[in-house]
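J.: I am attaching a structure below and will ask some questions about it afterwards.
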Amino acid sequence: LQVPTEWSDIETGTWTFKGKDVGVFVAASGNLANFYSTRSQAGVLIGVSHSLARTYNKEGLLGLEKKDLSRQCVHEGRFDYQNQFYSGQYDQFTNCSGTPGVLIFTTASADQKSLILIRMVVVSDADLQAVDTIMNTFQVLGDPERDEHHEN
């Protein structure tokens, strides 16, 4: 995963989704507190989960995020994406309580045993370039829920 050098506030840990521990995550931003709380800071969160893959497919997980974000944002549409390792869909949201944009991507591991959710907050045109870089460089290697030796 390649992120802008300004996104030096990085955190990894247990991914909590809808109040339940579901997997692992990595997040990066210039200020993670603002990224998490107000979405006023550009950044990315990538979550990987076996348990969500047993309950949802890619579209179902994207639908849950849409349901939540549509209350506070304008849904601009759902689009397909593909890079050399993954394919999936993403929803684009604008006018999110003062944040210009939120993008939610979902995909799955090659063996379909893990769902991958990527949430990005975009506050400037430069962040759109970061979105392209992230979507073309991220990889989930091995089994990050069990392996301790990954650096993403």
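The values are calculated or read from the model by the stated rules, or taken from the named source; none is laboratory data. A quick note: this is a predicted structure, and the numbers were derived from the prediction, not measured. Cβ atoms come from the backbone with ideal geometry, glycine included; neighbour counts cover every protein chain shown. All accessible areas refer to the heavy atoms of the entire protein, side chains included, with ligands and DNA or RNA removed. Shrake-Rupley method; radii C 1.70, N 1.55, O 1.52, S 1.80 Å.
J.: So, in the stretch 1-15, exactly how many residues are closer than 23 Å to D132 by Cα, crowded, with 16+ Cβ neighbours inside 10 Å and free of Cβ contacts under 8 Å to residues at least 40 places away in the same chain?
T.: Residues flagged as closer than 23 Å to D132 by Cα, crowded, with 16+ Cβ neighbours inside 10 Å and free of Cβ contacts under 8 Å to residues at least 40 places away in the same chain within the stretch 1-15 amount to 1.
J.: With (1) more than 15 Å from the chain's Cα centre (by Cα); (2) modelled with pLDDT of 85 or more; (3) open to solvent by 20 Å² or more (accessible area, probe 1.4 Å) as the list, and E59 as the residue in question, which single condition is left unmet?
T.: (1)
J.: Just wondering, is there one or more residues in the stretch 17-30 that are among the polar types (S, T, N, Q) and open to solvent by 20 Å² or more (accessible area, probe 1.4 Å)?
T.: no
J.: I need every pair where a residue in the stretch 35-54 that is within 14 Å of D9 (Cβ to Cβ) and open to solvent by 10 Å² or more (accessible area, probe 1.4 Å) has its Cβ under 8 Å from the Cβ of a residue that is basic (K, R) and in a strand (DSSP E or B), sequence separation at least 6 or different chains.
T.: L45/R119
J.: If you take the residues in the stretch 106-128 that are without any contact (Cβ under 8 Å) to a residue 40 or more places away in the chain and outside any loop (DSSP other than H, G, I, E, B), which one is least open to solvent (accessible area, probe 1.4 Å)?
T.: Among those residues, the one meeting the criterion is L128.
J.: When residues of the stretch 129-143 are filtered for being surrounded by 20 or more Cβ atoms within 10 Å (Cβ to Cβ) and of a type in the set (G, A, S), how many remain?
T.: 1
J.: Sticking with this one: Within the bounds of the stretch 76-98, is there any residue that is surrounded by 17 or more Cβ atoms within 10 Å (Cβ to Cβ), in a loop (DSSP other than H, G, I, E, B), out of contact with any Gly (no Cβ under 7 Å at 6 or more places or on another chain) and of a type outside the set (F, W, Y)?
T.: No - not one qualifying residue is present in the stretch 76-98.
J.: While we're on this one: Any idea which of R54, R39 is farther than 23 Å from Q139 by Cα and modelled with pLDDT under 95?
T.: R39
J.: Let me confirm something: among K18, K58, which residue is closer than 11 Å to L117 by Cβ, of a type outside the set (S, T, N, Q) and in contact (Cβ under 8 Å) with a residue 24 or more places away in the chain?
T.: Sole residue among the options that is closer than 11 Å to L117 by Cβ, of a type outside the set (S, T, N, Q) and in contact (Cβ under 8 Å) with a residue 24 or more places away in the chain: K58.
J.: Can I ask one more? If a residue has to be within 22 Å of S40 (Cα to Cα) and at pLDDT 90 or above to count, how many in the stretch 65-93 make the cut?
T.: Number satisfying all stated conditions: 11.
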